[in-house]
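Sharing a structure here in structure tokens format.
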Amino acid sequence: MPRSPKLLILILDGAADRPVNGVTPLSEANTPGLDELAQRAVCGFHYPIAPGVAPESDTATLALLGYPPDKYYTGRGPLEALGVGLRLREGQEVAFRANFATIDPATRRIIDRRVGRTLHSEEARELAKALDGIKLGTHGYARVKATVGHRAVVIIGSKERKLSANVQNIDPAYVRKGLFSEAVANPEMVLPRCKPLDDSEEAQETCALVDEFIEKTIEILDKHPINLEREQKGLMKANAILLRDAGDKMPRLPPITELTGYTRAAAIAEMPVEIGIAYAAGMKPYTVKPPTGNLREDLPSRLDRTIQALSENELIYVHLKGPDEPGHDGDFERKKRAIEEIDKYYIQPLLNKIDLIEIAILVTSDHATPWTLRSHSGDKVPWMLSYARLESSIDKFSEITCERTCRKTLQHGWQLLSFIVKELLFE
């Protein structure tokens with residue numbers, strides 16, 4: 001297989017949408033950079049997981065890198081753990097993704113699942129230190145590591161007994177179905193007890209340890225100096241932890257170089273789950289600071305790391321935040337503006353620094369977040385491959401244009417990378 005061009009996979013988080021009156025945020029955005037890419041491009045659609053399935057970003061990312069989640073996904077918890085340098089003692093430890101949350105300790109009513117998004121990473125690290133190493137029962141323990149803002153990784157372990165990840169989420173907003181979680185419409189916002197998903201002793205033992213961990217966590221956190229100070233300032237306490245997406249096995253992926261034929265692969269990674277996926281896929285992570293929410297400030301560092309990664313690798317994956325959050329907020333104009341800012345502060349300056357004869361660019365989204373729905377959806381997602389040697393042209397990258405000029409609709413996101421490499425770049 002030829003070793004050129006290099007391939008840059010550019011993911012616009014949640015940018016895809018559902019046309020309303022013939023328009024979407026992508027179709028209405030002013031995007032000179034994407035328009036330039038469209039002059040030498042083909043486009044189509046893919047369903048990130050399968051038609052009608054609304055994915056989370058972790059499973060969608062695995063799929064877009066060529067890995068069917070139903071074959072390789074072991075849960076969000078192990079990926080988050082791998083991303084912060086933690087590994088599991090398989091059989092005796094279970095990893096969860098976690099949120100610090102605000103509750104009423106007397107009633108267990110959840111006031112805010114994310115502490116109002118006001119918890120600083122430095123505060124979270126101090127709270128995690130107070131929980132790390134908690135003893136549970138006569139044989140159990142917890143490992144706790146804060147990651148970004150209100151987020152953390154929690155590993156529940158036993159020195160003597162086997163444990164199982166087949167337990168329900170300790171977060172009423174998401175219900176566990178197999179290894180995947182689905183959002184719950186209008187959940188009862190009360191901190192639940194752990195429920196085994198089978199009758200095994202391992203699942204029951206895991207739940208017993210989890211319930212004890214939750215109770216001890218509330219007791220420790222509610223009176224922690226960080227929270228007493230926050231209370232004095234009129235801020236929400238981070239006095240509980242919500243656990244979900246359990247996994248008891250580390251991910252085992254064939255190297256992405258074997259899947260694609262490229263010899264060196266990299267990912268621009270900002271969140272632990274992305275770093276974890278990069279490590280699992282044999283990609284070199286080029287880390288950047290977590291997003292601040294200000295794309296004008298965040299994107300230049302991602303651009304710099306992209307240019308560095310392109311000079312040292314052949315396949316580069318970049319996941320840019322921005323459009324997803326306003327989609328969840330039901331804000332068409334802000335979602336359109338986020339796409340325009342990505343174009344202005346990342347895509348346009350990128351095109352001034354690279355040669356499209358040497359580099360092909362695949363642009364897509366990890367999922368649709370329709371502003372009318374305010375959540376991820378199972379809609380098809382547009383993709384566009386731009387490369388100077390392509391003779392075809394489209395006028396704009398959007399759902400509307402791709403509907404008119406669709407080269408191919410793929411039923412699963414994990415088919416996309418193989419299709420691009422084998423049938424378009426090296427046909």
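Checking the a/c ratio against 1.5 first, then a/b against b/c, what shape does the Cα gyration tensor give for the range 312-351?
Taking the square roots of the gyration eigenvalues as a ≥ b ≥ c, the range 312-351 is oblate.
Going down the list Lys195/Lys249; Lys177/Lys237; Lys145/Lys195; Lys177/Lys223; Lys237/Lys335, which pairs span over 26 Å between their C-alpha atoms?
Correct reply: Lys177/Lys237; Lys177/Lys223; Lys237/Lys335.
Let me ask something additional. For a test of the definition: using alpha carbon positions, the gyration tensor, and the 1.5 limit on a/c, classify the range 174-229 as rounded, prolate or oblate.
oblate
Same structure, new question: Compute the relative contact order of the chain as a whole-number percentage, counting only Cα pairs closer than 8 Å that sit 6 or more residues apart in sequence.
Numbers: 1007 pairs, mean separation 145.7, N = 427.
Contact order relative to length: 34 percent.
Find how many whole Å separate the alpha carbon centroid of the range 128-149 from the alpha carbon centroid of the range 51-88.
The range 51-88 and the range 128-149 have Cα centres spaced 23 Å from each other.
Mind putting a number on the dipole of the range 79-247 about its Cα centre? Charges go on the C-beta only, +1 for Lys and Arg and -1 for Asp and Glu, and I need it in Debye to the nearest 20.
Value, rounded to 20: 380 debye.
For each cysteine in the chain, check whether another cysteine's C-beta sits under 4.7 Å from its C-beta; list those where none does.
Cys406
If you don't mind, there's one more thing I want to ask. FRET efficiency for Thr409 and Thr287, Cβ-Cβ distance as r, R0 = 35 Å, nearest 0.05?
Details: r = 34 Å, r/R0 = 0.98.
The computed FRET efficiency comes out at 0.50.
Now a separate question. Percent of Cα-Cα pairs more than 20 Å apart in the range 360-427, please.
Numbers: 709 of 2278 pairs.
Here the long-distance tail beyond 20 Å is 31 percent of all Cα pairs in the range 360-427.
Pull out the extension gain between Asn186 and Lys135, defined as 0.36 nm times the separation in residues minus the alpha carbon to alpha carbon distance; nm, one decimal.
Additional length available on full extension: 14.9 nm.
Sticking with this structure for a sec: State the extension gain, in nm to one decimal, for the chain segment bounded by Ser392 and Glu229, taking 0.36 nm per residue of separation less the distance between their alpha-carbons.
Contour length minus Cα-Cα distance gives 52.6 nm.
While we're here: Please report, in debye to the nearest 20, how large the charge dipole of the chain is about its Cα centre when each Lys and Arg carries +1 at its beta carbon and each Asp and Glu carries -1 there.
Dipole of the chain, to the nearest 20 debye: 500 debye.
Same structure again: Net charge near Thr409, counting Lys/Arg +1 and Asp/Glu -1 over other residues with Cβ under 11 Å of its Cβ?
My count for the surroundings of Thr409 gives +2.
Evaluate Rg over Rh across the range 323-381, taking Cα atoms for both radii and Kirkwood's formula for Rh. If you can, show how the numbers build up before the last one.
Working: Rg = 13.9 Å, Rh = 12.9 Å.
So for the range 323-381, dividing Rg by the Kirkwood Rh gives 1.08.
Follow-up. Place a +1 charge on the Cβ of each Lys and Arg in the range 13-65 and a -1 charge on the Cβ of each Asp and Glu, then give the dipole magnitude about the Cα centre in debye, rounded to the nearest 20.
It works out to roughly 200 debye.
For the chain, just the Cα set please: Rg and Dmax, both in angstrom.
Cα-based Rg and Dmax for the chain come out at 21.9, 68 Å.
Which peptide among 372-381, 115-124 comes first, and what is the full order, when sorted by highest mean count of other Cβ atoms within 10 Å?
Values: 372-381: 19.2, 115-124: 17.2.
Packing order, densest peptide first, comes out as 372-381, 115-124.
Taking the beta-carbon count within 10 Å as an exposure proxy, list His224, His367 from fewest neighbours to most.
Exposure proxy ranking, most exposed first: His224, His367.
Here's something else I'd like to know. Just the projected area, averaged over all directions, of the convex hull on the alpha carbon atoms of the range 47-91: how many nm²?
Mean projected area for the range 47-91: 3.7 nm², to one decimal.
I need the per residue convex hull volume for the range 79-247, using only the alpha carbons, in cubic angstrom as a whole number.
108
Using alpha-carbon pairs under 8 Å, 6+ residues apart, how would you state the relative contact order of the range 79-247 in percent?
This gives 29 percent for the range 79-247.
Of the peptides 14-23, 95-104, 348-357, how do they stack up when ordered by the mean number of other Cβ atoms within 10 Å, highest first? Let's see the in-between values first.
Values: 14-23: 19.2, 95-104: 25.2, 348-357: 14.2.
The packing order, highest mean first, is 95-104, 14-23, 348-357.
Give me the distance between the Cα centres of the range 357-427 and the range 1-48, rounded to whole Å.
What the calculation gives is 6 Å, centre to centre.
Determine, for Cys406, Cys194, Cys43, the number of other Cβ atoms within 10 Å of each Cβ, and report the residues in order from fewest to most.
Cys406, Cys194, Cys43
Pick out, from Thr260, Ala41, Gln411, the residue whose Cα sits farthest towards the positive end of the charge dipole of the chain, with +1 on the Cβ of Lys and Arg and -1 on the Cβ of Asp and Glu.
Toward the positive end, the furthest listed residue is Thr260.
In what order do Ser158, Ser200, Ser398 fall by count of nearby beta-carbon atoms within 10 Å, going from fewest to most?
Ser200, Ser158, Ser398
From Cα pairs below 8 angstrom and at least 6 apart in sequence, can you work out the relative contact order of the range 310-378, rounded to a whole percent?
Computed value for the range 310-378: 38 percent relative contact order.
Give, to the nearest whole percent, the P(r) tail of the range 7-97 beyond 21 angstrom, counting all Cα pairs.
So the portion of pairs separated by more than 21 Å is 51 percent.
Taken together, the values in this text are just the output of simple stated rules run on the coordinates, not laboratory data. Note that the coordinates shown come from a computational prediction; the quantities given were computed from them, not determined experimentally. With ideal geometry, Cβ positions are generated from the backbone for all residues, glycine too; neighbour counts draw on all protein chains shown.
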